[in-house]
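Scroll down for the structure; my scribbles are underneath it.
The values are calculated or read from the model by the stated rules, or taken from the named source; none is laboratory data. A quick note: this is a predicted structure, and the numbers were derived from the prediction, not measured. Counting neighbours? That spans all protein chains shown, and the Cβs are built from the backbone with ideal geometry, glycine included. Each accessible area value is taken on the protein alone, full model and side chains, heavy atoms only, with ligands, DNA and RNA left out. Shrake-Rupley method; radii C 1.70, N 1.55, O 1.52, S 1.80 Å.
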Amino acid sequence: MKIMIFGANGGIGKWAVKHALQNGHNVTAYVRNSSKIFNQDKNLTVVQGELTDEKKITEAMAGQDAVIWCVGIPMKKNYEKMESLARHKTLIKAMKSNCVKRLVDWGTPSIHFEKDKKSFVTVVPGSLAGLIFTQAKKEMVAIGEMVKKSDLEWTIVRFMAPKDTLYTGKVKVGFGDIKMKFVVSREDIGAFMVKILDSDEFIRSMPIIGS
């Protein structure tokens, strides 16, 4: 599979690149700074560019089978512009231009999903985010709504407390219906985002993962 990964230098993106390559995929890493890419692999193509460069993104996406989006949003209470929301508009437009249907994105339980069961994990994080990260929650919810309304084969992987802990290869997956710890390894998140590309199980779904 040919996979384009955005945010490939980030805390989750770099692990998505690693596991995609380990699984035999061809990876196009779209990054702002190509010198920070440490992976050396014959199946890795690095494209340096800005997320505002719609033309470059559209050109780089030609021939791709799927996209993994690992670009974060500001974890601040308030900020002026919803840049991640704007970048998602560019992303979806580029995917449609290239007839790329599969998208794996990320978010938090602040984004409500129809399968969610009322529980601590589906209620409390969103409520706290509304108080502590008001603008970030607003932007994240808006991104979720945009992705849901698209005609893409999307998955939004939701998690709560990503940490630079050791990779386990195991995550709990649910919709508020199982107990899980908030803390989850960033490498486990990246690996999960790659893994679900091989299955239809979570298409147009928003699994919550934890440990």
Nearest-20 debye value, the chain charge dipole, Cβ charges on Lys, Arg, Asp, Glu: 400
The chain - percent of accessible surface contributed by carbon and sulfur, probe 1.4 Å: 53
Electrostatic dipole magnitude of segment 88-211 [Cβ: Lys, Arg +1; Asp, Glu -1; Cα centre; debye, to 20]: 200
Nearest-10 value in Å² for the accessible area of Asp164, using the 1.4 Å probe: 130
Calculated Kirkwood radius over Cα pairs in Å (choose from [x] 17.2; [y] 19.2; [z] 21.2), label: [x]
Lys/Arg +1, Asp/Glu -1 at C-beta; the chain dipole; positive extreme among Met140, Val121, Val27: Val121
DSSP beta bridges in the chain [antiparallel fraction, %, rounded to 5]: 10
FRET efficiency, Asp200 to Thr52 (Cβ-Cβ, R0 30 Å, nearest 0.05): 0.35
Surface accessible to a 1.4 Å probe, per residue, for the residues of segment 1-115, Å²: 51
Heavy-atom accessible area order for Glu59, Glu145, largest first, 1.4 Å probe: Glu59, Glu145
Residue order for Cys70, Cys99 - accessible surface, 1.4 angstrom probe, largest first: Cys99, Cys70
³J(HN,Hα) computed for each position of segment 106-119 - Karplus, 6.51 cos²θ - 1.76 cosθ + 1.60, integer Hz, glycine/proline x: 9, x, 10, x, 4, 7, 7, 10, 4, 8, 4, 9, 5, 7
Cβ-based charge dipole, segment 23-99, positive-most Cα from Met61, Tyr79, Ile37: Tyr79
Most mobile of Ile92, Ile12, Ile73 in a GNM of the chain (Cα contacts under 10 Å): Ile73
